[in-house]
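Q: Have a look at this one.
The values are calculated or read from the model by the stated rules, or taken from the named source; none is laboratory data. All values derive from a computational prediction rather than experimental measurement. Note that each Cβ is placed from the backbone with ideal geometry, even for glycine, and that neighbours are counted across all protein chains shown. Please note that ligands, DNA and RNA were not included when accessible areas were found on the heavy atoms of the full protein model with its side chains. Shrake-Rupley method; radii C 1.70, N 1.55, O 1.52, S 1.80 Å.
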Amino acid sequence: MSVNLRHITKWPAALLLATLFMLLLILTGCSKQSEIVGHHGLTMGTSFTVKWVSSDAEADKALPAQINQLLVDINNSMSTYQPNSELTRINQLEAGTPVTLSPDLAKVLSRALEISQSSSGAFDVTVGPLVNLWGFGPDGRIVKAPSAAQITALKPRIGFDKVKLSEDGSELIKDGDIYIDLSAIAKGYGVDKLAELLENAGINSYLVEIGGELRAKGLKPDGNNWKIAIEAPIVGEREIQRIIAVKDVGIASSGDYRNYFEENGVRFSHTINPATAMPISHKLASVTVLAPDCASADALATAMMVLGPQAAEQYAIEQGVEALLIVKTATGFREIMTPGFSDFLVQ
């Protein structure tokens, strides 16, 4: 747009200011001062929150519907609770039947198997039948531990090596009567997909969360990193253990202090050790992992909860991620941090 300034100088001052203001609007479009805007709701049996630093009002209006649809699509692919999801249909297939995977499911399964291999099976997407048997899956809660015979009967169905992917990862064949459960990686992957959606919309500062799994990028409008509270693993209470300041990282936590049942004074955690077919019984109460993407952080946190304190610390170092492990003691809790985790601490 061009304006003849020679003619503008002859206009009344009020009209001149109005014209210049309109010209500014034309040149800047719908931009506004940067601020944090957001959208929240329910998905994957939990809640989600998406916050982003935006200067474009039109983009802000369009994103909530896109966010909702993306989460519906992921749920339709990876849920074990939905009777017609892609994963449910795969779980119903007979062993040996090849099936072509959607790109998202192929990517999640490929990453899951990588972490299963690196953790020597501590992370295992075939542990679903045991999770269900112990009352933490779609079949509903229980108040009495399953019998040894019930547990033994399911052991032949467990093993990540029974998930066979084609060389390019696009096709799956089940080697046996296995049931795949992605609950320990799907939320993290959903976070990553939401982050990708925001970045495709030109947003480079955001905080995305699904069920406590997060991904942060960039800075807030005040120039500070995003602050995240890590919960203390105390049953029946809500206390902050640590606060971290982060950017450009995925964050996931796993613990045994919220989802469990008790029988005769014995607590049975929802975290099942695939090797023993039993809930974990060591002293690691919770673990928080910082990784480049949230799907990896999500799965690694679960693997570390299965491994226990010492093995989990070593595994985190081997994987090149930072982690905070909170371990139960006779007098409370003690912390184990990987060498770089303290760099993120605010409190």
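Q: Which condition does residue 278 not pass, out of (1) at pLDDT below 95; (2) of a type in the set (A, V, I, L, M); (3) open to solvent by less than 50 Å² (accessible area, probe 1.4 Å); (4) more than 20 Å from the chain's Cα centre (by Cα), if it passes all the others?
A: Every listed condition holds for residue 278 apart from (3).
Q: Does residue 273 satisfy the condition of being open to solvent by 50 Å² or more (accessible area, probe 1.4 Å) and either of a type outside the set (Phe, Trp, Tyr) or in contact with a Phe, Trp or Tyr (Cβ under 7 Å, 6 or more places away or on another chain) (or both)? Outline the logic, then answer.
A: On the way: open to solvent by 50 Å² or more (accessible area, probe 1.4 Å): no; either of a type outside the set (Phe, Trp, Tyr) or in contact with a Phe, Trp or Tyr (Cβ under 7 Å, 6 or more places away or on another chain) (or both): yes.
Spelling it out, it is not the case that residue 273 is open to solvent by 50 Å² or more (accessible area, probe 1.4 Å) and either of a type outside the set (Phe, Trp, Tyr) or in contact with a Phe, Trp or Tyr (Cβ under 7 Å, 6 or more places away or on another chain) (or both).
Q: Only residues in segment 264-282 that are over 16 Å from residue 137 (Cα atoms) count as the first member; pair them with residues that are open to solvent by 30 Å² or more (accessible area, probe 1.4 Å), Cβ under 6 angstrom, at least 6 apart or cross-chain, and list the lot.
A: If the second residue must be open to solvent by 30 Å² or more (accessible area, probe 1.4 Å), the pairs left are 267/260; 280/273.
Q: Looking at this structure, is residue 258 open to solvent by 50 Å² or more (accessible area, probe 1.4 Å), over 22 Å from residue 297 (Cα atoms) and either modelled with pLDDT under 95 or part of a loop (DSSP other than H, G, I, E, B) (or both)?
A: Details: open to solvent by 50 Å² or more (accessible area, probe 1.4 Å): yes; over 22 Å from residue 297 (Cα atoms): no; either modelled with pLDDT under 95 or part of a loop (DSSP other than H, G, I, E, B) (or both): yes.
In short, no.
Q: Keeping to segment 213-241, report how many residues are in contact with a strand residue (DSSP E or B) (Cβ under 6 Å, 6 or more places away or on another chain), open to solvent by less than 40 Å² (accessible area, probe 1.4 Å) and at pLDDT 95 or above.
A: The qualifying residues number 6.
Q: With 251, 244 as the choices, which residue is touching a residue at least 40 places away in the same chain (Cβ under 8 Å), surrounded by 20 or more Cβ atoms within 10 Å (Cβ to Cβ) and farther than 28 Å from residue 105 by Cα?
A: From the options 251, 244, the qualifying one is 244.
Q: Same structure, new question: Across segment 280-338, what is the total count of residues that are among the β-branched types (Val, Ile, Thr), assigned to a strand (DSSP E or B) and within 18 Å of residue 211 (Cα to Cα)? Can you show your working first?
A: Taking segment 280-338 as the starting set, the residues that turn out to be among the β-branched types (Val, Ile, Thr) are 280, 287-289, 302, 306, 317, 321, 326-327, 329, 331, 336, 338.
So of that shortlist, the ones also assigned to a strand (DSSP E or B) come out as 287-289, 326-327, 329, 336.
Still in the list and also within 18 Å of residue 211 (Cα to Cα): 287-289.
Qualifying residue count for the region: 3.
Q: How many residues are out of contact with any Leu (no Cβ under 7 Å at 6 or more places or on another chain), assigned to a strand (DSSP E or B) and open to solvent by less than 60 Å² (accessible area, probe 1.4 Å) if we restrict to segment 49-74? Spell out how you get there, then give the answer.
A: Going residue by residue through segment 49-74, those that are out of contact with any Leu (no Cβ under 7 Å at 6 or more places or on another chain) are 49, 53-65, 68-69, 71-74.
Filter once more, keeping what is assigned to a strand (DSSP E or B): 49, 53-56.
Now restrict to residues that are open to solvent by less than 60 Å² (accessible area, probe 1.4 Å): 49, 53-55.
Within segment 49-74, residues that are out of contact with any Leu (no Cβ under 7 Å at 6 or more places or on another chain), assigned to a strand (DSSP E or B) and open to solvent by less than 60 Å² (accessible area, probe 1.4 Å) number 4.
Q: In this structure, is residue 126 open to solvent by 50 Å² or more (accessible area, probe 1.4 Å), more than 30 Å from residue 204 (Cβ to Cβ) and β-branched (Val, Ile, Thr)?
A: Values: open to solvent by 50 Å² or more (accessible area, probe 1.4 Å): no; more than 30 Å from residue 204 (Cβ to Cβ): yes; β-branched (Val, Ile, Thr): yes.
So residue 126 does not fit the description; no.
Q: Given the conditions (1) out of contact with any Gly (no Cβ under 7 Å at 6 or more places or on another chain); (2) over 28 Å from residue 319 (Cα atoms), and given that residue 71 satisfies all but one, which numbered condition is not satisfied?
A: The failed condition is (1).
Q: Applying the selection to segment 117-162, what residues are touching a strand residue (DSSP E or B) at 6+ places or on another chain (Cβ under 7 Å) and either under 16 Å from residue 299 (Cα atoms) or not in a loop (DSSP other than H, G, I, E, B) (or both)?
A: Listed by number, the residues that qualify are 125, 126, 127, 130, 131, 162.
Q: Kindly indicate which of 36, 90 is touching a strand residue (DSSP E or B) at 6+ places or on another chain (Cβ under 8 Å), open to solvent by 40 Å² or more (accessible area, probe 1.4 Å), of a type in the set (A, V, I, L, M) and modelled with pLDDT of 95 or more. Steps first, answer last, please.
A: Working: 90 fails: open to solvent by 40 Å² or more (accessible area, probe 1.4 Å).
So the residue among 36, 90 that is touching a strand residue (DSSP E or B) at 6+ places or on another chain (Cβ under 8 Å), open to solvent by 40 Å² or more (accessible area, probe 1.4 Å), of a type in the set (A, V, I, L, M) and modelled with pLDDT of 95 or more is 36.
Q: Going by what's in this entry, would residue 209 be described as open to solvent by 20 Å² or more (accessible area, probe 1.4 Å), among the acidic types (Asp, Glu) and closer than 16 Å to residue 285 by Cβ?
A: Working: open to solvent by 20 Å² or more (accessible area, probe 1.4 Å): yes; among the acidic types (Asp, Glu): yes; closer than 16 Å to residue 285 by Cβ: no.
For residue 209, the condition - open to solvent by 20 Å² or more (accessible area, probe 1.4 Å), among the acidic types (Asp, Glu) and closer than 16 Å to residue 285 by Cβ - is not met.
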